[in-house]
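Single-structure report; data block below.
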Amino acid sequence: MPGGRLGPGKVQLLEAIGETGSISAAGRAMKMSYRRAWLLVDDLNRIFRAPLVEAQPGGAKGGGAHLTPLGREIVANYRAIEAKTLEAGAEEIEALRAAVSPTAPAREPGKKA
């Protein structure tokens, strides 16, 4: 993917758009602003050969957004790669978990250490 990145956050946003039918609702579900969600969608739509999300203007009549066939394909492929990676690295993942101190303080998600 020259010029762009695809990771778990963007895939989660795509899944949330697929579930809610709304960029705004998907952003809220992920605790991000509409602007941030829209910019991420715009970035994704530019990275791939065709848009992953199609949106209709909102307003009083409502709008909406949905994943395109390519969007659904990208999400499915990403999740398949993720599952294979977790399976292939299961021993190493368990070794990392075993190395974590049981008394290590938890930090709030989104806060830097």
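A short reminder: the numbers here are calculations on the coordinates, not readings from a lab. Everything numeric here is computed off the predicted structure, so don't read it as measured data. Quick reminder, even Gly has a Cβ in these numbers, built from the backbone with ideal geometry, and neighbours come from all protein chains shown.
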Quick one: Ala25 ticks every box in (1) of a type outside the set (D, E, K, R); (2) surrounded by fewer than 15 Cβ atoms within 10 Å (Cβ to Cβ); (3) without any contact (Cβ under 8 Å) to a residue 12 or more places away in the chain except a single one, so which number is it?
(2)
Report, by residue number, each residue of the range 1-37 that is within 24 Å of Asn77 (Cβ to Cβ) and in contact with an Asp or Glu (Cβ under 9 Å, 6 or more places away or on another chain).
Gly4, Arg5, Pro8, Lys10, Val11, Ala26, Ala29
Within the bounds of the range 69-90, is there any residue that is closer than 22 Å to Gly9 by Cβ, in contact with a helix residue (DSSP H, G or I) (Cβ under 9 Å, 6 or more places away or on another chain), touching a residue at least 24 places away in the same chain (Cβ under 8 Å) and assigned to a strand (DSSP E or B)?
no
Residues Ala98, Ala26: which one is assigned to a helix (DSSP H, G or I) and in contact with a Ser or Thr (Cβ under 6 Å, 6 or more places away or on another chain)?
Ala26
Positions within the range 15-42 being in contact with a helix residue (DSSP H, G or I) (Cβ under 8 Å, 6 or more places away or on another chain) and of a type in the set (Asp, Glu), in sequence order
Glu15, Glu19
